[in-house]
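These notes concern the structure reproduced below.
The values are calculated or read from the model by the stated rules, or taken from the named source; none is laboratory data. Being a predicted model, the structure only gives us computed values, none of them experimental. We place every Cβ from the backbone using ideal geometry, glycine too, and count neighbours over all the protein chains shown.
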Amino acid sequence: MYFDKIAKGLGEVPLTRQLILELIKDYKRPNDKISEWVKSGELIILRRGLYSPGPKSDLPIPEPFLIANHLCGPSYVSLESALSYWGLIPERVYEITSVTLKSKKTFNTPVGKFSYQFLPTPYYSFGIVSVPINPTQTILIASLEKAICDKLILTSGINLRSVKQTKDLLIEDLRIDENLLKQIDVKIIRSWLKDASKKNSIEMLIKTLNDL
């Protein structure tokens with residue numbers, strides 16, 4: 001029994017152990033079969049109870065951002081990963097960074113490192129967009145505006161007090177192109193202000209973006 005044959009048609013998402021066990025419920029020793037697939041490379045363990053098709057399987061492996069959505073839920077990709085995705089920062093990001101309603105945590109997996117930081121509701125729920133990254137996989141990611149706000153809020157030591165300081169952070173430190181900053185919808189950020197932490201910094205961000 002090959003994993004790709006029994007899992008074909010399930011969609012290109014990480015698979016729970018419960019689902020896999022259901023697929024092979026008629027097998028005499030299903031747990032041994034899962035262990036065999038992991039050993040052969042047909043399955044990859046992402047964390048306890050969550051798997052991805054492996055390199056020895058003919059099934060497509062989920063994209064890292066989609067894996068991030070499933071490793072810790074609820075969550076959405078944000079911070080450096082989202083800033084890079086939207087083309088705001090030039091650096092390629094090797095660690096997938098996300099925001100969650102759960103506690104801060106990190107997963108080191110065979111397909112990469114995934115980190116999560118906590119933000120409370122209702123602010124958490126603002127600016128999350130659903131984006132198809134290929135014909136069969138759709139991710140949850142922070143909008144351009146939310147990614148910047150999350151970065152300001154979740155980076156310790158940031159306390160913006162002037163337009164110059166804010167410009168230096170955005171353009172010199174984060175290396176965001178000024179023309180891209182002009183595309184940011186300030187009205188959307190303003191609508192989140194009353195529920196955001198670091199209100200003074202977010203207000204200064206709004207002021208700086210309006211002055212560009």
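Looking only at residues of segment 154-212 that are in contact with a Phe, Trp or Tyr (Cβ under 9 Å, 6 or more places away or on another chain) and of a type in the set (S, T, N, Q), we find that the one that is farthest from Val93 (Cα to Cα) is Ser191. A Cβ distance below 8 Å, combined with a sequence gap of six or more or placement on separate chains, defines the contacts here; from segment 114-135, residues that are of a type in the set (Gly, Ala, Ser) reach residues that are surrounded by 17 or more Cβ atoms within 10 Å (Cβ to Cβ) and in a loop (DSSP other than H, G, I, E, B) in the pairs Gly127/Ser143. Residues that are assigned to a helix (DSSP H, G or I) and within 15 Å of Lys56 (Cβ to Cβ) within segment 1-18 comprise Phe3, Asp4, Lys5, Ile6, Ala7, listed in sequence order. Just one of the listed residues (Leu140, Leu152, Leu209, Leu170) is in contact (Cβ under 8 Å) with a residue 24 or more places away in the chain, part of a strand (DSSP E or B) and not acidic (Asp, Glu), and it is Leu140. A single entry from Ile133, Ile176 fulfils the requirement of being part of a strand (DSSP E or B) and at pLDDT below 95: Ile133. Number of residues in segment 31-81 that are among the hydroxyl-bearing types (Ser, Thr, Tyr) and surrounded by fewer than 15 Cβ atoms within 10 Å (Cβ to Cβ) equals 2.
Determine, yes or no, whether Leu193 is modelled with pLDDT of 95 or more, in the same structural domain as Tyr123 (by TED's automatic domain parsing) and assigned to a loop (DSSP other than H, G, I, E, B). Judged against the criteria, Leu193 is not a match.
Go through the residues of segment 23-30 one by one and say whether even a single one is free of Cβ contacts under 8 Å to residues at least 12 places away in the same chain, farther than 20 Å from Thr109 by Cβ and either aliphatic (A, V, I, L, M) or surrounded by 12 or more Cβ atoms within 10 Å (Cβ to Cβ) (or both). Yes; the residues of segment 23-30 include at least one that is free of Cβ contacts under 8 Å to residues at least 12 places away in the same chain, farther than 20 Å from Thr109 by Cβ and either aliphatic (A, V, I, L, M) or surrounded by 12 or more Cβ atoms within 10 Å (Cβ to Cβ) (or both). When segment 35-65 is filtered for residues that are within 19 Å of the chain's Cα centre (by Cα), of a type in the set (A, V, I, L, M) and either at positive phi or not in a strand (DSSP E or B) (or both), only Ile61 remains.
Residues that are surrounded by 14 or more Cβ atoms within 10 Å (Cβ to Cβ) and either modelled with pLDDT under 95 or within 26 Å of Asp173 (Cβ to Cβ) (or both) within segment 96-110 comprise Ile96, Thr97, Ser98, Val99, Thr100, listed in sequence order.
Considering Glu91, Glu178, Glu145, the condition of being touching a helix residue (DSSP H, G or I) at 6+ places or on another chain (Cβ under 9 Å), outside the structural domain of Glu12 (by TED's automatic domain parsing), surrounded by 13 or more Cβ atoms within 10 Å (Cβ to Cβ) and not aromatic (Phe, Trp, Tyr) is satisfied by Glu145 alone.
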